[in-house]
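Notes follow the structure.
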Amino acid sequence: MKHAAVLAPSILAADHAHLAAGAATVQALGLEWVHLDIMDGHFVPNLSFGPQTVAALRKNSSLFFDTHLMLDEPHRYIEAFAKAGSNLISIHIEPAYDHAATLARIRALGCQNGIVLNPGTPTEAIEPYLSQVDIVLVMTVQPGFGGQPFRRDMLAKISQIDRWRQERGLTFRLEVDGGVDLVTGHECRVAGADTFVAGTSFFGAADKPAVVKAVAGW
Ligand code: DX5
Ligand code: ZN
């Protein structure tokens, strides 16, 4: 089974004085997902926005909120982001906390859950969780900042996770995030990815409908 390609623009790359307008741009193009990057200044060397902002966006949007928590202690904030209107909450494997319990808690709160791995983290680290998640997010840059170049050496990782998914009859989505554009995203699609986060390449695109159309054809 192969999931249809989903484009999830990251509003990290939108105008932060007008985030609702960024989300509205995504929705007006007929897209269903928007990617929300949450940074704590510890797990990654940058800060973005928090649950209050997500809740405010929720009031103005019916998009599927794909919330990517780049936090050292994500388990402390699951409830807040679920309440704020997240539809999917993904958590990183790298920090030490009870990953299985946190993934279960996300679902208990009515959200889809996801596990994320950084470029330097081996695929084996997430293997025990594959049957417990709705999405696996492979970082194709070191997280923290938009606009970085795509890490082509992550393609093998995507293929490995897709292989495991097929061998085990699992149906989680496989998402990529960082430096994704129409060229690198298509390479990820060929490797097995089905969900494409795009910040800079999406919000910087002069012809956004063409981008949407291209990804829909993957
Ligand atoms: C990176 C974030 C990404 C970021 C991607 O820390 O997780 O979601 O917004 O931005 P681009 O597409 O510009 O690499
Ligand atoms: Zn992200």
Seminar exercise, completed: Taking the stretch 103-113 and keeping residues outside any helix (DSSP H, G or I) and hydrophobic (A, V, I, L, M, F, W, C) leaves Leu109, Cys111
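Pick from the stretch 168-184 the residues that are within 12 Å of His3 (Cα to Cα) and open to solvent by less than 40 Å² (accessible area, probe 1.4 Å): which of them is nearest to ligand 2 (Cβ to nearest atom)?
First pass over the stretch 168-184, keeping only residues within 12 Å of His3 (Cα to Cα): 170-175.
Of the ones still in play, those that are also open to solvent by less than 40 Å² (accessible area, probe 1.4 Å) are 172, 174-175.
Values: Phe172: 17, Leu174: 14, Glu175: 9 Å.
Among those that are within 12 Å of His3 (Cα to Cα) and open to solvent by less than 40 Å² (accessible area, probe 1.4 Å), it is Glu175.
Taking Gly146 as the residue in question, decide whether it is of a type outside the set (S, T, N, Q), assigned to a loop (DSSP other than H, G, I, E, B) and out of contact with any Leu (no Cβ under 9 Å at 6 or more places or on another chain).
No.
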For this session: Please verify whether the stretch 150-167 includes one or more residues that are within 16 Å of ligand 2 (Cβ to nearest atom), in a loop (DSSP other than H, G, I, E, B) and more than 20 Å from Ala23 (Cβ to Cβ).
Result: yes
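The values are calculated or read from the model by the stated rules, or taken from the named source; none is laboratory data. Owing to the predicted nature of the structure, the values given are computational and were not obtained by experimental measurement. Please note: Cβ atoms are built from the backbone with ideal geometry, for glycine as well, and neighbour counts cover all protein chains shown. Heavy atoms of the whole protein, side chains included, go into the accessibility calculation; ligands, DNA and RNA do not. Shrake-Rupley method; radii C 1.70, N 1.55, O 1.52, S 1.80 Å.
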